[in-house]
Amino acid sequence: MLEMREAWDVFKHFEGNKIRKKDFVAFSGIVQREPDLPYSILELNEVYAGEPAGMSDMRLIVSNDLIGLGYRKFSRIYHLADLSADKPIWLPGNKEELLSFTTD
């Protein structure tokens, strides 16, 4: 799970200023509608009821393995957020190491 602004920081760290942040965030809105991806892009207020709508830079990129069914479908997300609350994001040393975590 990664907030959109954290994903932007990772992108910027490895790719520099190839695109603008507003374009990066706008692209997340397009990808949000794509079916059959191994992840979902969720609005913050979808996951946390008390959050205001329309905070596009606060969208969450979430592995579909963390999303359950029914009333408690986000319980794994809540648990992961609790466990990682006081920890900084980890960045690999180089782009090749980052890409080693991907699958085709």
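Of all residues in region 65-104, which are surrounded by fewer than 10 Cβ atoms within 10 Å (Cβ to Cβ) and modelled with pLDDT of 90 or more?
D65, L69, G70, Y71, R72, D82, L83
Give region 16-25 a look and list any residue that's out of contact with any Asp or Glu (no Cβ under 7 Å at 6 or more places or on another chain), under 22 Å from L44 (Cα atoms) and surrounded by 13 or more Cβ atoms within 10 Å (Cβ to Cβ), or say none.
Hits for region 16-25 are K21, F24.
For region 48-64, what are the residues that are more than 10 Å from the chain's Cα centre (by Cα) and either at pLDDT 95 or above or polar (S, T, N, Q) (or both)?
Selection gives S56, N64.
Which ranges mark the helices (runs of 4 or more DSSP H) fully within region 32-104 that have 1 or more residues being β-branched (V, I, T) and either touching a Leu at 6+ places or on another chain (Cβ under 7 Å) or free of Cβ contacts under 8 Å to residues at least 12 places away in the same chain (or both)?
Ranges flagged: 44-47, 75-84.
The values are calculated or read from the model by the stated rules, or taken from the named source; none is laboratory data. Since the structure is predicted, the reported quantities are computational estimates derived from the model, not experimental observations. Because the Cβ atoms are built from the backbone with ideal geometry, glycine has one as well, and the counts that use them run over all protein chains shown.
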